[in-house]
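Asks: Pasting a structure here, questions to come.
The values are calculated or read from the model by the stated rules, or taken from the named source; none is laboratory data. Please read all numbers here as calculations on a predicted model, not as lab measurements. Neighbour counts run over all protein chains shown; Cβ positions are idealised from the backbone, glycine included.
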Amino acid sequence: MYSLRVLTLNVRGIADPDDRRALFFELRRWKVDICCLQEVHATTPDQLQQWSNEWLGPASWNKYTAILFKPSFGTPTFDVLHGGRVLSSSFQYRGQTLRIANIYMPASYSERRVFLDDFTADFDNLFSSFDFLVGDWNMVPDPLLDRVSTATSNTQTLPYHVVSPGAVSLTVFRCCSRGCC
């Protein structure tokens, strides 16, 4: 059996070089094949290029999301969808072409609802083409419990994940903000 390890993490911004260096160090140390990041807060093309150079592997970045591969993954392809809130990639793994989508949904209920309505209308058939749907969904399964928090926290929360049936195994890590555990 093959084991493809995917990490998804809301990093709450990595513009600070020390934070980014610490994050990249931990991501390289963990036995993870693909890293899907949310809230990277990338703003300029130069910044995106610098971060890719620092990562030393295939990667794609935008304001909301990033997908980083270990160098052994060759040359994956990337697509930016829905203004960067969805970043997808096709890649080769053990002779198979697989697709992953990293989604960062709006935190506001009203914005999230519009996003989901637009996304499902535009990409109804696209959902079935992904082997992995990961990211920060900014919601809980029970709408009565869904809220926008006013509290601050020193730790990252584990986002909800959807993995399509028959997908390769998914391993998720939890990480503390500003200095991974």
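Asks: Taking the criterion of being closer than 29 Å to Ser128 by Cα, modelled with pLDDT under 95 and in contact with a Lys or Arg (Cβ under 8 Å, 6 or more places away or on another chain), would at least one residue in the range 9-30 satisfy it?
Replies: Taking every residue of the range 9-30 in turn, none turns out to be closer than 29 Å to Ser128 by Cα, modelled with pLDDT under 95 and in contact with a Lys or Arg (Cβ under 8 Å, 6 or more places away or on another chain).
Asks: Looking at Val134, is it closer than 16 Å to Leu7 by Cβ and either assigned to a helix (DSSP H, G or I) or modelled with pLDDT under 85 (or both)?
Replies: Spelling it out, it is not the case that Val134 is closer than 16 Å to Leu7 by Cβ and either assigned to a helix (DSSP H, G or I) or modelled with pLDDT under 85 (or both).
Asks: Assess whether Leu98 counts as being part of a strand (DSSP E or B) and under 18 Å from Thr8 (Cα atoms).
Replies: Considered against the rule, which asks whether it is part of a strand (DSSP E or B) and under 18 Å from Thr8 (Cα atoms), Leu98 comes out as yes.
Asks: Could you check, for the range 68-83, whether at least one of its residues is touching a Leu at 6+ places or on another chain (Cβ under 8 Å) and either of a type in the set (D, E, K, R) or part of a helix (DSSP H, G or I) (or both)?
Replies: Among the residues of the range 68-83, at least one is touching a Leu at 6+ places or on another chain (Cβ under 8 Å) and either of a type in the set (D, E, K, R) or part of a helix (DSSP H, G or I) (or both), which makes the answer yes.
Asks: Could you tell me whether Asp19 is out of contact with any strand residue (DSSP E or B) (no Cβ under 8 Å at 6 or more places or on another chain) and more than 15 Å from Ala66 (Cβ to Cβ)?
Replies: no
Asks: Could you grab the pairs with beta carbons closer than 8 Å, sequence gap of 6+ or different chains, first residue in the range 94-115 and over 13 Å from Val140 (Cα atoms), second one acidic (Asp, Glu) and buried (at least 16 other Cβ atoms within 10 Å of the Cβ)?
Replies: Listed by first residue and then by second, the contacts come to Leu98/Asp131; Arg99/Asp131; Ile100/Asp131; Ile103/Asp136; Tyr104/Glu39; Tyr104/Asp136.
Asks: Here is a follow-up. Enumerate the pairs (first residue in the range 47-59 and part of a helix (DSSP H, G or I); second residue anywhere and buried (at least 16 other Cβ atoms within 10 Å of the Cβ) and of a type in the set (Gly, Ala, Ser)) with beta-carbon separation below 6 Å, excluding pairs fewer than 6 apart on the same chain, so at least 6 apart or on different chains.
Replies: That search, which allows pairs on different chains as well, returns Leu48/Ala42; Ser52/Ala59.
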